[in-house]
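These notes concern the structure reproduced below.
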Amino acid sequence: SGGPRALGLSRVGWDPRAGALAFQLALPASGTASFELFDVNGRRLIGERFENLEAGTHDLRVRPGAPMRSGVFLGRVTQNGQSVSKRFVVVQ
């Protein structure tokens, strides 16, 4: 198949127009995936579940409970017991 063979997280960044964190997930299998966002001190800022996703690539957004500040963050996606993390920077 032409879909992703491995779990992936890419294009993580702040979308100021939407007031949301935008990212792309690559899912090798259909089902539920979760996304978590951590600050540089390891505090979890966002925890979001996405259910009934098809295998493939998805452009998604999550809105944090408070405005994001500039800084270094870690995004993590988990599906079927596997996790992938990506560090990124937000500049406001």
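For the range 71-92, residues that are of a type in the set (S, T, N, Q) and either out of contact with any strand residue (DSSP E or B) (no Cβ under 9 Å at 6 or more places or on another chain) or surrounded by fewer than 11 Cβ atoms within 10 Å (Cβ to Cβ) (or both) total 2.
Out of the residues in the range 68-90 that are free of Cβ contacts under 8 Å to residues at least 40 places away in the same chain and more than 14 Å from the chain's Cα centre (by Cα), state the one that is farthest from R17 (Cα to Cα). My answer is G81. Among the residues making up the range 43-70, a single one is on the phi > 0 side of the Ramachandran plot and open to solvent by less than 80 Å² (accessible area, probe 1.4 Å): G56. Within the range 12-42, being surrounded by fewer than 16 Cβ atoms within 10 Å (Cβ to Cβ) and without any contact (Cβ under 8 Å) to a residue 40 or more places away in the chain holds for R17, A22, Q24, S30, D39, V40, N41, G42.
The values are calculated or read from the model by the stated rules, or taken from the named source; none is laboratory data. Being a predicted model, the structure only gives us computed values, none of them experimental. Every residue, glycine among them, receives a Cβ derived from its backbone with ideal geometry; neighbour counts consider all protein chains shown. The accessibility values were calculated without ligands, DNA or RNA, using every heavy atom of the protein model including side chains. Shrake-Rupley method; radii C 1.70, N 1.55, O 1.52, S 1.80 Å.
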